[in-house]
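Worksheet: one structure, shown below.
The values are calculated or read from the model by the stated rules, or taken from the named source; none is laboratory data. All values reported here derive from a predicted model rather than from experimental measurement. Because the Cβ atoms are built from the backbone with ideal geometry, glycine has one as well, and the counts that use them run over all protein chains shown.
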């Protein structure tokens, strides 16, 4: 075979795997892989996998119901099975568990790796990635499975008869007596006549009208499918009929069951209503009642929703089922899961209920104190109809409460034969004194499951069947009646439903037998049923969704809904007519206003005359200005004189600076002496001793020492902690302040981050709808400098914002020369102009706020673009809705522009994950004074920051960097809250060159360490080693980029980058210190080369320096791994564009690493007098410039 073994993915594949068109979506399949990969139990009945079900794709691939489709086939251990199109391995897993030898083929490598992960512990399962038509093997198989595959034949082949082509292609894989199994939807399935969308195309009535196109999935009716199989060489076909369909079957009927006059197949499907996978709940009729009619006319098979077909070749023994039917109850805890078989034996139909896992104890205690048992059983089949059919018919016929009660009354009469009061078993009369109250009646625990769909109306009366649940003692009769009504009302279609609650029916039944009960008592029995369901299904009580108001199945009668909508339309038309009358009245008012405008124009003409007079007055003021200019000339002469005096003072200052420099040289000489360095630990110890004697030693002191040392050893290892001892000594004041803090640290690591709890996400206003107009004004403040061509689009978008009473735009411009100011004024903006040298982020925004006149201030940037016409409304609505929680400021998260680079996308993803607002709206509040907590909870963003003007004027921006974070931290420290929204978005991103990331990372480190006293950073042991690490890594990276550009690979992006990381991490890399940098960014290359020329002496690198250079490489590779984890979930196979973007991202990651480590070096050496301090200060002045 032309397949290779893929160890990582645990599967066989060809050397080159071609793309496959079918997928549930990359995000969905990655999530499925992670769920299975992280599960300890991957078996069919794994409770861990059930917890991962959140939507239809995860339900289809993880539900334990999937395997039920295969059970009727009777496969035996050791038989060889070929599963073509195995998907994510739900059925594959079960086949491996029952001991057959499985070869599973899947065209999509993404889905195949999920199947392989699901079956990783099964040695009898082999997974292949290949096109089903190209698959090659010399093996022959006892069974070939095509589950949900044949209908996709037209999508993947251009043959005239695609289904026959598929069938003929796989025929040669069958052994002599082999069997072909096909599971497929019936295009004439009754669900499709009942307003359900076609499963594959999502459009109603496509199949029943045969409107399939040439390259879309196509299903068949029963006769068509028989003809397709016959033409492909399979003359022998045996049909099974899964209900509600083959995807998640709860009932499977055999062909023999439909032909057996002594077996009522319809009675088994009464609760198996079909599901519309597009989500629609609208139906035209009750499917169970229609199937009953179809069965009476021998049309049941033709309208089955799907087929399970076993086909064999000519001259082989035709397949025959040994069972009439099977039902499955597997969505329970394993102890209570069972299968019911219906089969002929000794000329009698037998019913056998058997456990799925026989060895488990089938008894548990409920929260109400009952020991509940699930009883396997064997019984003789009872011919008749369930009492539930009466209820379905009367509700489908729009029956009222009295009619429903009348149909269910025989059930209550039956129960009363076995019930008694005061825990007695003796039957007694109903209606005497205390006995009238239902709460006083009890029934033996064996009748727990005696409800409407377990009572058969046979020729000799009602017969209790399927008695699988039993309690160990008497139980309230009210519980049995309540649970029977509850579960009966949630079956079938009830057009014109008049029953509002379970209590109405239970009270009506009581009244029919002269009993009485209250709604509170019924609610108590509902709670007992919730406890019972929680026990059976293994779900938390909070996940059990039942109540006294469950009176319908969830299906909606389409005809009734259309009638109700028609009534609504008539009402709306009447409202429109009323509005038209209002418009006519308003037009009259407009005419009156026009007349007033004419009068105002005449008044304006009078004002023009006044203006002429004012101009004359202005001319007189001009004369005064000339006089003032003469005064100014005199002042200028005085300024010249003052400048001369200043020059004399500067000369004196120069002399003083020279004296200071001489003193500093003396101090350097003292600090450089060996005695000064040797006594440094003693001076530190003296400082600590003095500190300890100044006050009482805190009780937490030694405990916090232990916690801090343990945390640092866990973080850096014992060896790393030992190497960092000089760093701790240099920073002993900070660490002793932390260790002696009161009160003691509650628990855990002194340096651990505070957890972030997200809030529920809310819908954007465009989806949630605008509940009401907000009667408030908002001033949008935007600092600008040459805002560019898109600035007009931004202003137009802001002026189109809706749902707010008034919006003002304030532009603070610092010297634009591209028409920004003129464009702003033309769009009605208030413009404030400041000198370029006066600009800081805080000053510009503060002066803009001073010019605003609204209730709320919204700070923005010139290159952001809001999403939707209710963007401002969405943020203000959120602020007002949470005002009682002391929320005072709101920012929204960003969507990247289409031209943003991978590095920016990765950084913004990491940033929002840290803040907790990647997927959820987050409200932050003050929790603790450590820097992780303050940053996570106090972050605001000037890309979009909405705050009330009253609050802002009390705080204002400050500083020239990270002013938004500073504002947020001050707010939460004062007891307020701030929010970051995921539900409201703004488009904003940058595509910066690598050199920018070098500078920005340096400034970020210096700022954070300076802003937060508890920010602990790695110690740089050797400045020359760090420079050597940067220069050498740049040289290696330059060589790698040359090979990368020449290779032109189309591999999956994260695989190629992962290979680079592994190669560099696990193999020794020689130091390259004599090669120049060629990273594609001239500024970055020149700066790295200048570092080497100024500070690097290769021959003087000691062991400490070499270790420091290696630590730089480790830091760089760790950042690449972080980026690669992001890229794996986003990017696939590479093309020209992705390769260019990957190249840039690797270089930018290197630049960011270098900037951060240089920042840490600066923080280590900027206080140390000597050459290293001068180098640190020089690097700071170079990298901080322009940021």
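When residue 349 is tested against (1) farther than 26 Å from residue 97 by Cβ; (2) in a loop (DSSP other than H, G, I, E, B); (3) out of contact with any helix residue (DSSP H, G or I) (no Cβ under 8 Å at 6 or more places or on another chain), only condition (2) is not met.
Going by what's in this entry, would residue 958 be described as in contact (Cβ under 8 Å) with a residue 24 or more places away in the chain, surrounded by 19 or more Cβ atoms within 10 Å (Cβ to Cβ) and either closer than 13 Å to residue 887 by Cα or in the same structural domain as residue 896 (by TED's automatic domain parsing) (or both)? Full working, then the answer.
On the way: in contact (Cβ under 8 Å) with a residue 24 or more places away in the chain: yes; surrounded by 19 or more Cβ atoms within 10 Å (Cβ to Cβ): no; either closer than 13 Å to residue 887 by Cα or in the same structural domain as residue 896 (by TED's automatic domain parsing) (or both): yes.
Here the answer is no, as residue 958 does not meet what is asked.
Assigned to a loop (DSSP other than H, G, I, E, B) and either surrounded by fewer than 19 Cβ atoms within 10 Å (Cβ to Cβ) or touching a strand residue (DSSP E or B) at 6+ places or on another chain (Cβ under 7 Å) (or both) - does that describe any residue in region 1099-1106? Yes. Selection over region 149-202 of residues that are farther than 18 Å from residue 232 by Cα and not in a helix (DSSP H, G or I) gives a count of 14.
Scoring residue 1051 on the criteria (1) touching a strand residue (DSSP E or B) at 6+ places or on another chain (Cβ under 9 Å); (2) surrounded by 16 or more Cβ atoms within 10 Å (Cβ to Cβ); (3) in the same structural domain as residue 1131 (by TED's automatic domain parsing) leaves a single failure, condition (2).
Looking at 944, 989, which one is closer than 30 Å to residue 1086 by Cα and touching a strand residue (DSSP E or B) at 6+ places or on another chain (Cβ under 8 Å)?
Working: 944 fails: closer than 30 Å to residue 1086 by Cα.
Every option except 989 fails the conditions.
Taking the criterion of being in a loop (DSSP other than H, G, I, E, B) and either at pLDDT below 95 or under 39 Å from the mean Cα position of the chain (by Cα) (or both), the residues of region 208-231 that qualify are 208, 209, 210, 211, 212, 213, 214, 215, 216, 217, 218, 219.
Are any of the residues in region 945-961 modelled with pLDDT of 90 or more and closer than 26 Å to residue 1152 by Cα?
Taking region 945-961 as the starting set, the residues that turn out to be modelled with pLDDT of 90 or more are 945-958.
Within this subset, residues satisfying the condition of being closer than 26 Å to residue 1152 by Cα are none.
No, the conditions are met nowhere in region 945-961.
Scanning region 1082-1089 for residues that are over 22 Å from residue 1175 (Cα atoms) and not in a strand (DSSP E or B) turns up at least one hit.
Applying the criterion of being within 43 Å of the chain's Cα centre (by Cα) and without any contact (Cβ under 8 Å) to a residue 40 or more places away in the chain to the residues of region 1066-1084, the residue that is surrounded by the most Cβ atoms within 10 Å (Cβ to Cβ) is 1082.
When 535, 448, 493, 462 are checked against the criterion of being under 23 Å from residue 288 (Cα atoms), surrounded by 19 or more Cβ atoms within 10 Å (Cβ to Cβ) and in contact with a helix residue (DSSP H, G or I) (Cβ under 9 Å, 6 or more places away or on another chain), a single residue qualifies: 493. Every listed requirement among (1) in a helix (DSSP H, G or I); (2) at pLDDT below 90; (3) farther than 30 Å from residue 48 by Cβ is met by residue 497 save one, (1).
Criterion first (touching a strand residue (DSSP E or B) at 6+ places or on another chain (Cβ under 9 Å) and in a strand (DSSP E or B)) does residue 146 satisfy it?
Details: touching a strand residue (DSSP E or B) at 6+ places or on another chain (Cβ under 9 Å): yes; in a strand (DSSP E or B): yes.
Considered against the rule, which asks whether it is touching a strand residue (DSSP E or B) at 6+ places or on another chain (Cβ under 9 Å) and in a strand (DSSP E or B), residue 146 comes out as yes.
When 409, 364, 435 are checked against the criterion of being over 46 Å from the mean Cα position of the chain (by Cα), outside any loop (DSSP other than H, G, I, E, B) and at pLDDT below 95, 435 stands alone in meeting it.
Every residue in region 881-910 that is assigned to a helix (DSSP H, G or I) and either in contact with a helix residue (DSSP H, G or I) (Cβ under 6 Å, 6 or more places away or on another chain) or surrounded by 15 or more Cβ atoms within 10 Å (Cβ to Cβ) (or both), please. I'd like the intermediate steps shown before the answer.
Filtering region 881-910 down to residues assigned to a helix (DSSP H, G or I) leaves 881, 883-885, 902-910.
Hits for region 881-910 are 902, 903, 904, 905, 906, 907, 908, 909, 910.
Scanning region 15-28 for residues that are within 18 Å of the chain's Cα centre (by Cα) and farther than 14 Å from residue 1052 by Cβ turns up 24, 25, 27, 28. Determine if region 1144-1166 includes at least one residue that is assigned to a loop (DSSP other than H, G, I, E, B) and closer than 28 Å to residue 1093 by Cβ. Yes, some residue in region 1144-1166 is assigned to a loop (DSSP other than H, G, I, E, B) and closer than 28 Å to residue 1093 by Cβ. Whenever a residue of region 137-148 is at positive phi, its partners that are assigned to a strand (DSSP E or B), lying with C-beta atoms within less than 8 angstrom and at least six residues away or across chains, give the pairs 148/183; 148/184. Scanning region 286-334 for residues that are surrounded by fewer than 16 Cβ atoms within 10 Å (Cβ to Cβ), free of Cβ contacts under 8 Å to residues at least 60 places away in the same chain and not in a loop (DSSP other than H, G, I, E, B) yields a count of 2.
Scanning region 260-267 turns up at least one residue that is under 45 Å from the mean Cα position of the chain (by Cα), modelled with pLDDT under 95 and more than 24 Å from residue 223 (Cβ to Cβ).
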